[in-house]
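The values are calculated or read from the model by the stated rules, or taken from the named source; none is laboratory data. None of these values were measured; they are calculated from a predicted model. Quick reminder, even Gly has a Cβ in these numbers, built from the backbone with ideal geometry, and neighbours come from all protein chains shown. Please note that ligands, DNA and RNA were not included when accessible areas were found on the heavy atoms of the full protein model with its side chains. Shrake-Rupley method; radii C 1.70, N 1.55, O 1.52, S 1.80 Å.
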Amino acid sequence: MISLLLSVLSFAKPHTISSLSTIPAETCSEAKKRVSEAKSLRAEEKGEPLVKNVKKRRKKKKKKNVLLTLDDATPIEIVDSIEPWELLSLADLPLQPIEGTKESLQSIRDVLSKASSNERVRISIYGDSHTAAEIWSGHFRRLVQWQYGDGGHGFILPAEVFRWYRGTDINLCYSNGWTSNYLGKPKRKKEMTLGFSGMYIESDDPLDFGWIQTTSKNYLGKTTSAYHVFTMTRPDGGSLLMQVDDLEPIEVNTKAEESEMQVHTISVPTGGHRLQIRPKGNGMVRVLGVSSEADESGVIVDAMGINGRVAKDWVRWDTPLLEQGLSVLEPDLIVLAYGTNEAGNTALSISQYEADLRQTLLTLRKIQPDVGCLLIGPTDRVVHEQERTFSVWTRVREVAQAQRKVSKEFHCAFWDWQEAMGGEASILSWRLQDPPLAAPDFIHLNRKGYTLSAERLWESLKDLAVKTRQ
């Protein structure tokens, strides 16, 4: 049995690659086709039926999209709206400031000042489905790196964890044989050794692969200088092959009686590279993630979001693993972007939510007492009642107010996403824009909406930095 109590962090011997290498010419589609054909041939030779590893998608009840236009003769009615609702002019929305205590605001100013001094800065974002989509967090990474320099993509899993898993300014390619596990996954393995991001991938098939590769056409993501590969040892662990470009693979052993997190560092000449990982085939290998990092300056932004998650999940992970992972990443600023699912859970009282949030922030401060901390509230939300009638989901404001209150107790700053959108019922205005900025569920945003949100957050952070200089 794999022990759930992890207190050991193992740093493997670092690998430094100085020889010239070339990214293989094989494309992602070619690699997937090659592996698929090899698996078919293997099954045929063994006389076994080919089992296609197609991830089952849960059937969801079809929801009728609510089509809204301003040209409809029937007016839109907002029930329980504090202010008379009208179509907002998003261009005229006021700046939504970063709020907090003197200490919490100064800690974020220090992070921005460090970045402006050409020092390495790392921002680690944890969150729910808004973050899991890697749209607002991906655009936020771009904005920060355009300003202060590209420090690398940061954390990513080299294979699909859940549907729509992706990265921004990094190329991700993988075979379909990997098994993923993450907090909240339906019928998942009941274990808490999920890594410091709450998710992992594993396989024992030597034909499976996963790679991350720098971009060639994008302005950002063109170079990397080092990879940190995080693995987990286990009694039935096998060997993992890590291959940079066309060089010989580096083999690492993940078999051990006790379960511990390993960190494998590969330094490469600064430039464009592909890191491919694959099992050797002599046992199961579990990969907790990879961090791709560039030179010693610039900003790294980790995005570690999982659909349906809440802030309380921080105390449901294996705390030693979380502490070990963050000790390796060494973030300057930790962002907790939760609240949407807490706002949707009407069985959760606000007083209990405040207690849960205190426990989460207490855990954070125990393992990272001096790190900068920023809480981001939930997006605005309305409920479609009938025809063109909507009701305000008042719990969004209540959850945001709880975050505003509790964050101060732990010297964390707070940014109110709902207010940044325009306040209660503002998501209707976002949905009615041409083109729309919000999704039909009136909870999530679309790509354009998340992009605008990232820009609004970045403007708030820049405003905080300007006040420092003044």
Once amide hydrogens are built 1.01 Å from N within the peptide plane, the residues lying 5 or more places from residue 289 or on another chain with amide H under 5 Å from its amide H are 230
Tabulate in residue order the Karplus-calculated ³J(HN,Hα) for segment 239-245, using 6.51 cos²θ - 1.76 cosθ + 1.60 with θ = phi - 60°, rounded to whole Hz; enter x for Gly and Pro. 9, 10, 9, 10, 10, 9, 6
Label of the coordinate-derived value, volume of the Cα convex hull per residue in Å³, listed as (1) 302; (2) 211; (3) 164: (3)
Taking r as the C-beta separation of residue 26 and residue 147 and R0 as 30 Å, the FRET efficiency to the nearest 0.05 is 0.25
Keeping every protein chain present and rolling a 1.4 Å probe, give me the accessible area per residue for the chain in Å². 46
Cross-link pairs 33/280; 255/280; 312/366; 33/185 - those with Cα-Cα distance over 23 Å: 33/185
In Å², nearest 10: area of residue 143 left accessible to a 1.4 Å probe: 20
The helix 319-329 Cα axis meets the longest alpha-carbon principal axis of the chain at an angle in degrees, between 0 and 90 and rounded to 10, of 80
Give me the distance between the Cα centres of segment 86-112 and segment 367-396, rounded to whole Å. 16
If you roll a 1.4 Å probe over the chain with all protein chains in place, what percent of the accessible area is carbon or sulfur? 50
Quickly rank 351-360, 273-282 as a protection proxy: mean count of other C-beta atoms within 10 Å, highest first. 273-282, 351-360
Setting aside same-chain residues fewer than 8 positions from residue 222, which aspartates and glutamates have a Cα under 16 Å from its Cα? 150, 169, 245, 293, 295, 296
Set Lys and Arg Cβ to +1 and Asp and Glu Cβ to -1, take the dipole of the chain about its Cα centre, and tell me which of 340, 165, 322 lies farthest positive. 165
